[in-house]
1. Can you give me the P(r) profile for segment 1-86? Cα pairs, bins 10 angstrom wide beginning at 0, each as a whole percent.
2. Which value, in debye to the nearest 20, describes the size of the charge dipole of the chain about its Cα centre when Lys and Arg Cβ atoms bear +1, Asp and Glu Cβ atoms bear -1, and nothing else is charged?
3. Calculate one ³J(HN,Hα) per residue across segment 188-201 by plugging θ = phi - 60° into the Karplus curve 6.51 cos²θ - 1.76 cosθ + 1.60, and present them in order as whole Hz with x for glycine and proline.
4. Normalise the Cα radius of gyration of segment 36-134 by 2.2 N^0.38 Å (N = residues in it) and let me know the number.
5. Short version: ³J(HN,Hα) in whole Hz for each residue of segment 41-55, in order, from phi by Karplus 6.51 cos²θ - 1.76 cosθ + 1.60 (θ = phi - 60°), x for Gly and Pro, what are they?
6. Once all Cα-Cα distances of segment 180-316 are split into 10 Å bins that start at 0, what whole-number percent is in each one?
7. Under a GNM of the chain (C-alpha, springs under 10 Å), which listed residue has the highest mean-square fluctuation: Pro228, Pro50, Pro195?
8. Long-range amide H contacts for Arg45: which residues qualify at under 5 Å (H placed 1.01 Å from N, peptide plane, sequence gap of 5 or more or a different chain)?
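Each reported figure results from applying straightforward, stated rules to the coordinates on display, with no laboratory input. Source: prediction; values computed, not measured. Cβ placement follows ideal geometry from the backbone for every residue including glycine, while neighbour counts extend to all protein chains displayed.
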Amino acid sequence: MAQAQKTGEPVRIRFSHVVAENTPKGQTALRFKALLEERTQGRMRVDIYPNAQLYSDRDEMEAMQLGAVEILAPSLSKFGRLGFPEFELFDLPFLFSTQADVRRITEGGLGQALLQRLQRQHMVGLGFLDNGFKHMSANRPLLEPADYLGLRMRVQSSRTIARQMRALGARPVDLPFSETRRALGTGVVDGTENPVSNFWTQHMHEVQSDLTLTGHGFIGYAIVIHAPFWRNLSELQRQHMTSAMKEALAWGNSVAAGQNEQALHALRASGSTRIHELTPGQHLRLRTAVQPAWDDLARRIGQNWLDSVRQALNSP
Ligand code: LMR
């Protein structure tokens, strides 16, 4: 039985994340809090720390291993660095065409196998959450592979994303999300890739004159819980958490695409950033240029993983 239950104190759950509240992840976290607190009549309490208030994406995992936070929702791109390179499958450029494609992985056997692996590092994976498709920004349009030449592009800590940038002739610079806007503003980096919801809510449009709608990659999240905390809960408390999270994720996944559309709408209305679309030819050249990122990941994790992904995407 959880310690807190014995003393009558509510169980306190700290949920730290790095994005703004009006993003798919921020809103889903709030939904989870509301559901869990209501169903347990406040006996389980969720304190949310958005915008890297508590920990940046570089140190949040370590904080969880030390028991300083109970729930995180890191992007899938951040698990490779922790010893789970298979999660970089989600970073493969041009792998997914639609959010329904993503669902074939996250809701199938492959997604479950990935979550199971997290136990090795004392994490319980409760599910997946969408943000959306990433687009490229800089202070110039990025229409052809040659446009990337020599640019310093901020990337998440994923070797696959770094390889993608190098394949385009750019220099990847791995920075925490919370430092990205400032790094763009001061010229430490020239550009980056984001779903529009993150680009807009971090005010990156104030420091990037051009956003090219490449839709080349996907950002989603895994919800992870500190395993010792989880084990210390009662069966009923675990059930409450699982069902509140399941419901919050279903809701979050149903509104994420719309939130990105709204952000794009707001960005267009602001008039601050020029927005470019790729022609089919530009799209094809970009797709061809980033192929080395696929070859590199296949070498590192084994072609079998990539074959399983293809199979899941092609299944009826
Ligand atoms: C990033 O670092 O760009 C993203 O992972 C931030 C996030 O959590 O959406």
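1. Histogram of Cα-Cα distances, whole percents per bin: 17, 42, 31, 9, 0.
2. For this selection, approximately 380 debye.
3. Couplings: 5, 10, 9, x, 6, 10, 7, x, 4, 4, 6, 4, 6, 6 Hz.
4. Computed over Cα atoms of segment 36-134, the ratio equals 1.19.
5. Once θ is set to phi - 60°, the couplings for segment 41-55 become 6, x, 6, 10, 10, 10, 9, 9, 10, x, 6, 6, 4, 9, 9 Hz.
6. Distribution as computed: 9, 24, 30, 27, 10, 1 percent.
7. Looking only at Pro228, Pro50, Pro195, the biggest GNM fluctuation is shown by Pro228.
8. Val11, Arg12, Ile13
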